[in-house]
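Everything on this sheet refers to the single structure shown next.
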Amino acid sequence: MQALVIVAHGSHLNPDSSSPTQRHADTIRATGAFDEVKTGYWKEEPSLREVLRTVESDEVFVVPLFISEGYFTEQVIPRELRLDGWDVSEWDSDGLSADTATLTATDTGQVVHYCGPVGTHESMTDVLVRRAETVTGDPDVGEGFGFAVVGHGTERNENSAKAIEYHADRIREMDRFDEVRALYMDEEPEVDDVTDHFDSEDVVVVPLFIADGFHTQEDIPEDMGLTDDYRTGYDVPTVVDGHRIWYAGAVGTEGLMADVVLERAAEAGADVGAAVERVREQTRETPTAGD
Amino acid sequence: MTDVRAEQFESLVRRVEEEPVDFDGLYVAREDDSYAFETPDGSHDGLSEAGLHEAAADAAPYVTNWYYWEEVVGHRGRHRRAFLRKLEAADEFSVGRRYDELRDGMHTEWGQLRITATLGDDGDRRYEVRHEADEAVDAAELDEYTDPLNARELATSDERGRYRPLKTAPTLVDGWVFPALDGRDLVETVDTFYPATVANWNLEREGELDVSHWEETIERQTGIYGVVKTWNRGEGHEHVNWVAEACCDDSQCLKRREWQYDENTELDVDGGDGAFPCREPCSVVIAASRKWTRLEGEQSRTYEFDLTPSEKEQVEAIIDAVADGRVDDIREADIYEGANRYRTRFLRAKRFDEDGNLSGTPTDAAEDGDGGEDDE
Ligand code: SF4
């Protein structure tokens with residue numbers, strides 16, 4: 001028996017925080033690749049402290065739905081799950097390369113394969129691109145478009161900027177979009193000046209965030225000038241300074257995120273069969289080329 | 001009448017090949033080339049397989065009961081099994097009594113859930129879950145669900161659409177029913193409404209509940225919650241009594257609080273009588289305590305306010321109404337209630353100055369500790 005446990009932040013105030021997590025869990029559950037699929041949260045229930053006891057399997061793959069390596073993935077989650085003998089050196093990571101560590105949960109005795117966060121996995125780049133396809137409704141979007149990946153910046157966590165740069169570089173290497181930039185909320189180059197950073201008339205803006213909330217629904221749309229007041233909403237695209245801004249909201253709400261979770265678990269040794277291909281296909285929201 | 005299906009009988013024979021079956025009053029063993037079969041109602045020796053079949057058919061409830069518990073439910077999910085056993089008081093009642101009672105339905109209250117176990121075909125069990133407030137409502141009038149995950153949406157908001165961060169708050173909406181779940185889906189449904197309560201209940205029952213008391217739990221906190229450690233100043237635990245009274249009372253949370261100040265110091269507040277235990281201060285309590293740690297860093301001061309005796313009582317009535325969540329129940333024209341909106345607006349019009357100071361008495365802005373906070 002193998003179980004998948006997706007762990008995420010959650011919120012005391014906003015139910016939208018955990019809904020993408022639940023949706024990705026549902027997608028994976030439907031593939032039948034795991035005997036059990038559960039979710040656990042820092043701020044919701046089941047708590048990280050108690051989620052493992054709701055799982056009957058002896059072997060558990062834990063995938064953190066977080067953007068970068070840092071405080072939560074390195075300290076909070078292993079501590080709350082009671083992973084015996086955890087030390088961050090187990091991941092031997094440069095801030096982007098955490099893959100998996102196998103430990104025992106002291107309270108349940110389960111073998112836990114503790115995976116790196118979804119945000120730094122290479123297939124996250126595909127989710128960013130898929131998000132651009134979804135928001136433009138064009139499966140071939142790229143030519144004539146600029147692409148901005150948006151993150152917090154280094155103020156809170158140095159690795160968070162690393163993850164943004166990493167994916168921006170990878171999208172650039174695809175040679176699919178005319179221009180690709182990494183922009184930040186609290187440092188240069190700033191998302192406020194998004195139009196200064198692009199020549200392309202059309203720009204897709206995708207925040208590398210797990211869930212929609214205050215930052216992605218209020219701050220960023222207002223900072224970019226999509227709206228004066230987030231409560232009144234904004235159009236997609238919205239014209240700002242002569243550029244059409246296609247604002248995608250948090251990448252974490254994209255259905256393909258389930259694929260990253262699966263790949264993390266598969267690389268940690270989970271037997272997921274053909275689930276990866278199935279999820280890649282099922283979560284597509286735009287018709288594929290030729291349809 | 002309960003029958004024994006062919007596959008049930010065959011599994012019994014297969015099991016008995018390996019070792020004697022001894023379960024809930026049923027004893028079946030292989031003795032060389034014959035069988036022994038025993039229940040509290042009688043015993044037979046030297047049975048042929050046909051004779052065993054006949055004996056099994058005569059004692060069908062014992063056989064189908066064995067099949068349900070040992071072959072269908074099994075032992076993999078230890079908490080799940082224990083919970084399902086509880087739903088028919090399997091450790092107290094004989095098979096005969098359980099089968100009689102299950103035909104009418106055996107009820108268990110679990111927080112605001114009402115679970116009814118009944119007998120399906122050939123000793124199979126079926127479980128219904130609904131809100132306790134819908135106890136007497138005809139199932140046809142309730143919204144019907146079959147997928148345990150639907151409990152997630154039902155548990156998200158209270159009846160006024162407000163988000164429920166604490167799943168065990170007594171604010172679950174009613175009007176729905178899961179009419180016929182199997183054992184696995186029943187436990188999944190219960191665990192979706194009230195996460196981890198089944199496991200914690202069973203750990204407690206088995207004497208293995210890992211309670212983590214206040215002291216230990218806040219010692220573990222880091223990051224923005226690390227500050228809560230500074231709230232314990234080594235002089236008593238009154239502040240933790242207040243936390244428990246504020247958050248953990250049965251009117252606020254249906255878990256039975258088992259955590260105390262520390263292993264040797266019980267809180268003075270009652271933990272409640274919930275069916276399932278609370279084993280450590282939850283994230284809602286920790287987040288609130290972070291705020292209280294800051295607020296409680298302030299010293300008391302003496303203020304002077306001018307209030308009539310009735311106004312003083314009105315202030316108390318307003319605090320009570322907010323604390324008990326009664327504000328929305330107070331009717332617009334019920335001016336007998338201190339926390340009535342008109343009464344309160346009148347008090348504000350009369351007693352607040354243009355800066356919102358009660359009685360015109362300034363708070364002293366320099367020590368206003370209400371800074372901005374993140375919910376993290
Ligand atoms: S700490 Fe208090 S409020 Fe939180 S779950 Fe336990 S009993 Fe309920």
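Values as computed for the structure displayed
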read-out	value
Set B:GLY175, B:GLY236, B:GLY223, B:GLY161: member being over 14 Å from B:VAL285 (Cα atoms), open to solvent by 40 Å² or more (accessible area, probe 1.4 Å) and away from every other protein chain (no Cβ under 14 Å)	B:GLY236
Flag for B:LEU267 being near the ligand (Cβ under 8 Å from one of its atoms) and at pLDDT 95 or above	no
Some residue of region B:119-137 being open to solvent by less than 20 Å² (accessible area, probe 1.4 Å) and closer than 22 Å to B:GLU19 by Cα	no
Region A:136-163, subset modelled with pLDDT under 95, touching a Phe, Trp or Tyr at 6+ places or on another chain (Cβ under 8 Å) and within 13 Å of A:LEU208 (Cα to Cα), residue surrounded by the most Cβ atoms within 10 Å (Cβ to Cβ)	A:GLY151
Matching residues, region B:247-264, being near the ligand (Cβ under 7 Å from one of its atoms) and open to solvent by 40 Å² or more (accessible area, probe 1.4 Å)	B:GLN252
Condition check for B:SER310: outside any loop (DSSP other than H, G, I, E, B) and open to solvent by 30 Å² or more (accessible area, probe 1.4 Å)	yes
Hits in region A:164-182 (condition: assigned to a strand (DSSP E or B) and surrounded by 16 or more Cβ atoms within 10 Å (Cβ to Cβ))	A:VAL180, A:ARG181, A:ALA182
Subset of region B:270-288 [more than 10 Å from the ligand (Cβ to nearest atom) and more than 18 Å from B:LEU209 (Cα to Cα)]	B:ASP270, B:ALA287
Index of the failed condition, A:GLU90 passing every other in (1) closer than 29 Å to A:PRO46 by Cβ; (2) modelled with pLDDT of 95 or more; (3) not in a loop (DSSP other than H, G, I, E, B)	(2)
Selected residue (only one of B:VAL198, B:VAL190 is more than 10 Å from chain A (Cβ to nearest Cβ), open to solvent by less than 40 Å² (accessible area, probe 1.4 Å) and among the β-branched types (Val, Ile, Thr))	B:VAL190
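Residues checked against (1) open to solvent by less than 10 Å² (accessible area, probe 1.4 Å); (2) of a type in the set (Asp, Glu); (3) farther than 19 Å from A:VAL111 by Cα:
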| site | (1), (2), (3) |
| --- | --- |
| A:MET1 | no, no, no |
| A:VAL5 | yes, no, no |
| A:GLY10 | yes, no, yes |
| A:LEU13 | no, no, yes |
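The values are calculated or read from the model by the stated rules, or taken from the named source; none is laboratory data. Since we're looking at a predicted model, the values are computed, not measured. Counting neighbours? That spans all protein chains shown, and the Cβs are built from the backbone with ideal geometry, glycine included. Side chains are part of the model used for accessible areas, which takes the heavy atoms of the whole protein and leaves out ligands, DNA and RNA. Shrake-Rupley method; radii C 1.70, N 1.55, O 1.52, S 1.80 Å.
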